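Enquirer: Can you keep this structure in mind? I'll have questions shortly.
Every number in this text was worked out from the coordinates using simple rules, so none of it is lab data. In this text the structure is predicted, and so the values were computed from the model without any measurement. All Cβ positions, glycine included, derive from the backbone under ideal geometry; neighbour counts span all protein chains shown.
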Amino acid sequence: MEENDRAIDEMLHNIDEIDDFVLRQVCRLLSTGVPQKYGIEHINVNLSVLECMKEGFAEHIISIVENSGADKHHISFEITESVAPKDYHHLEEVIEKLKQAGFMFYIDDFGTGFSNLNALFSLEADVIKIDKSVLWGAEKSELGMVLLKSTVEMVRDMHKKTLAEGVETEAKRIRTQRAFG
């Protein structure tokens, strides 16, 4: 789904139904054992920050997965930040509940939009996905490479994993390796 379409759906409150449908489908797939058979350790599911801010959200998600019989350890959630949270404390609590239940968390598209250092400090994400625009900026200039390297180093110093989006060519793979050390 395009970023603008997702923002429109969030504003129209359709994202709840879409995200529930996607999560149920992921649970159904995981319950077959097929992903695990092919070495897929977990499947990532995007969550809207708006959706996470709703009362009872963590319990709702846990209920969907438990009712499906899927293993929570095979599901990771990506927090999409197309809308900035008004209450980081509440979002922290939601993530903490879901992590305690066995899920992993990613911060998606770090380096764009509303992603910021506050998210790194306050949200207990396991993996930080660096947006492709940061990687592509490293391809265009040395200053861009400094930004990419600094971001990777900072995230690693926080004992979190990094993942770069947009590694689509051999040149980008080499640049990414250089930045990731």
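Enquirer: So what is the calculated 222 nm ellipticity per residue for the chain, using -39500 (n - 2.57) for each DSSP H run with n of 4 or more, over all residues, to the nearest 500 deg cm²/dmol?
Expert: Computed ellipticity for the chain at 222 nm equals -16500 deg cm²/dmol.
Enquirer: Straight-line reach only, C-alpha to C-alpha below 25 angstrom: list the lysines that Lys72 could link to, leaving out same-chain residues fewer than 8 apart.
Expert: Within reach: Lys37, Lys54, Lys97, Lys99, Lys129, Lys160, Lys161.
Enquirer: Okay, next question. Please sort through the DSSP H helices of the chain and keep those with an alpha-carbon extent of at least 24 Å along the long axis and a Kyte-Doolittle average not below -0.5.
Expert: 15-32
Enquirer: Run the numbers on the chain and let me know its relative contact order in percent, using alpha-carbon pairs under 8 Å that are six or more apart.
Expert: After rounding, I find 15 percent.
Enquirer: Now a separate question. On full extension of the chain, what length is gained from Asn44 through Ser150, given 0.36 nm per residue of separation minus the C-alpha to C-alpha distance?
Expert: Length gained, Asn44 through Ser150: 35.6 nm.
Enquirer: Tell me the GluC sites (Glu not before Pro) within region 25-64 that lie in a loop according to DSSP and have at most 15 other beta-carbon atoms within 10 Å.
Expert: Glu41, Glu55
Enquirer: Pop the C-beta distance of Glu17 and His73 into the FRET formula with R0 = 30 Å and round what comes out to the nearest 0.05.
Expert: 0.70
Enquirer: Taking each pair of distinct Cα atoms in the chain once, what is the resulting Kirkwood hydrodynamic radius in Å?
Expert: Value: 17.3 Å, from the Cα pair sum.
Enquirer: Modelling each spin label as a point 7 Å along the Cα-to-Cβ direction, I'd like the Gln36/Phe180 distance in nm, to one decimal.
Expert: A separation of 2.6 nm, rounded to one decimal place.
Enquirer: Same structure again: For region 83-181, just the Cα atoms, rotate onto the principal axes and tell me the three extents in Å, largest first.
Expert: Principal-axis extents of the Cα atoms in region 83-181, largest first: 40, 26, 23 Å.
Enquirer: Label Ala171 and Glu92 with points 7 Å out from Cα along Cα→Cβ: what is the distance between them in nm?
Expert: 4.3
Enquirer: Gaussian network model of the chain, Cα springs within a sub-10 Å range: biggest mean-square fluctuation belongs to which of Leu120, Leu30, Leu143?
Expert: Of Leu120, Leu30, Leu143, the Gaussian network model singles out Leu143 as fluctuating most.
Enquirer: Here's something else I'd like to know. So between Leu29 and Glu139, what do we pick up on full extension, going 0.36 nm a residue minus the alpha carbon distance?
Expert: This chain segment gains 35.9 nm when fully extended.
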